[in-house]
Amino acid sequence: MAHAGYSLLHGGYNGLMEAAARGASSEGATVTAVTLIGKHDEWGPFNPHANGSVHLQDLGARINHYLAHADLIVAMGGGVGTLHELTAALYYATTIRTVPVVLAGPAALRLLGFLRQEKWLYETPTRPLGFLTPVESADAFRTCLATLDTAPIGGA
């Protein structure tokens, strides 16, 4: 993502967030941790790759911040927080502003298959899903990034 000119907004802590932050920061991208006021003390320090932070009052403000500042949303496996963020992103991209959403990795692709099979996610003339791209490999992700036409709105 950094090679394609993107910065990273992420939760700021460990696991997949830290791996994404490590990769982005190693390539010189800005990495901003977005967390909740008061939770930073409870959850501990950010991973060492975050070079900026935003502290917001509640989960709604946090998700709105992500979506309002996103040129691209990438979802992989995760916990219930990731699921919440992904469903908010899908709703946002179908009703508010078309922002590319990329689902990567086996867990995200299984979830996408389930959502489509059970008709939780389906395309209609008034709700096209052209913003949604499943990718099965790092090479497919690189190809996806190279073909995206995003007009940067970004910022942290």
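The values are calculated or read from the model by the stated rules, or taken from the named source; none is laboratory data. Every value quoted in this text rests on a predicted model; they were computed, and no experiment measured them. For neighbour counting, all protein chains shown are included, and Cβ atoms are generated from backbone atoms with ideal geometry for every residue, glycine included. Heavy atoms of the whole protein, side chains included, go into the accessibility calculation; ligands, DNA and RNA do not. Shrake-Rupley method; radii C 1.70, N 1.55, O 1.52, S 1.80 Å.
Quick check: is even one residue across region 16-38 among the hydroxyl-bearing types (S, T, Y), out of contact with any Ser or Thr (no Cβ under 9 Å at 6 or more places or on another chain) and either surrounded by fewer than 16 Cβ atoms within 10 Å (Cβ to Cβ) or at pLDDT below 85 (or both)? Checked against the condition, which is being among the hydroxyl-bearing types (S, T, Y), out of contact with any Ser or Thr (no Cβ under 9 Å at 6 or more places or on another chain) and either surrounded by fewer than 16 Cβ atoms within 10 Å (Cβ to Cβ) or at pLDDT below 85 (or both), region 16-38 yields at least one hit. Of all residues in region 14-60, those being among the hydroxyl-bearing types (S, T, Y) and under 21 Å from A88 (Cα atoms) number 2.
Condition (residue is under 19 Å from E85 (Cα atoms) and of a type in the set (S, T, Y)) applied to region 134-145: is it met by at least one residue? No, every residue in region 134-145 fails to be under 19 Å from E85 (Cα atoms) and of a type in the set (S, T, Y).
Within region 48-78, the only residue that satisfies the criterion of being loosely packed, with under 15 Cβ neighbours inside 10 Å and of a type in the set (D, E, K, R) is D58.
So, of the residues in region 100-110 that are over 10 Å from M76 (Cβ atoms) and out of contact with any strand residue (DSSP E or B) (no Cβ under 6 Å at 6 or more places or on another chain), which turns out to be surrounded by the most Cβ atoms within 10 Å (Cβ to Cβ)?
P100
Close Cβ contacts (under 7 Å, 6 or more residues apart or on different chains) running from residues in region 132-146 that are at positive phi and touching a residue at least 40 places away in the same chain (Cβ under 8 Å) to residues that are open to solvent by less than 80 Å² (accessible area, probe 1.4 Å) and of a type in the set (S, T, Y) are absent. Restricting region 79-95 to residues that are within 21 Å of G15 (Cα to Cα) and of a type in the set (V, I, T), which is most open to solvent (accessible area, probe 1.4 Å)? Among those residues, the one meeting the criterion is V80. Of the helices (runs of 4 or more DSSP H) lying entirely inside region 15-115, those carrying at least 2 residues that are within 13 Å of the chain's Cα centre (by Cα) are 16-26, 59-68, 80-95. Considering the conditions (1) modelled with pLDDT of 90 or more; (2) more than 25 Å from L16 (Cα to Cα); (3) not hydroxyl-bearing (S, T, Y), P128 is excluded by exactly one of them, (1).
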